[in-house]
Amino acid sequence: MRKRGKEERTGPRDRLGLNSHQYATEIHQHYLIPFIERLDGPSNDIYLAADNAPCHAGVENRNLQADYGYQNLPWPPNSPDLNPIENPWALLKRALRKRFSRLERRPHSAAE
């Protein structure tokens with residue numbers, strides 16, 4: 001995923017992670033919709049397994065879902081039993097956050 005630039009910040013608490021607009025324009029429209037269009041059969045028989053991340057539930061994404069007629073599977077929040085990748089993602093995020101926070105605190109020398 002492309003990391004959003006500071007000029008794309010939507011508010012003071014925005015940590016520049018994946019947001020709803022980026023998900024809609026860079027994932028939904030470029031990958032999911034073309035995939036759905038290539039499938040045989042009615043789109044209302046297609047179910048998307050997406051967790052309840054805020055970026056999945058934005059207005060643009062709900063409109064795309066309505067336009068293309070696919071369904072969302074009911075998905076409880078924080079359900080690592082239903083989605084085994086959640087635990088490794090959490091570990092990876094924690095390790096990266098720890099590593100990058102250390103780099104940000106480290107003073108830069110003139111040689112760098």
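When restricted to residues that are part of a helix (DSSP H, G or I) and surrounded by 13 or more Cβ atoms within 10 Å (Cβ to Cβ), region 54-69 contains 8.
If only residues of region 4-35 that are of a type in the set (Gly, Ala, Ser) and surrounded by 11 or more Cβ atoms within 10 Å (Cβ to Cβ) are counted, the one that is nearest to Ile85 (Cα to Cα) is Gly17. Within the span defined as region 36-53, every residue fails to be over 16 Å from the mean Cα position of the chain (by Cα), loosely packed, with under 13 Cβ neighbours inside 10 Å, assigned to a helix (DSSP H, G or I) and among the aromatic types (Phe, Trp, Tyr).
Kindly indicate the residue of region 21-55 that is hydroxyl-bearing (Ser, Thr, Tyr) and closer than 19 Å to Pro74 by Cα and also modelled with the highest pLDDT among those meeting that condition. So the residue we want is Tyr47.
The values are calculated or read from the model by the stated rules, or taken from the named source; none is laboratory data. Owing to the predicted nature of the structure, the values given are computational and were not obtained by experimental measurement. Note that each Cβ is placed from the backbone with ideal geometry, even for glycine, and that neighbours are counted across all protein chains shown.
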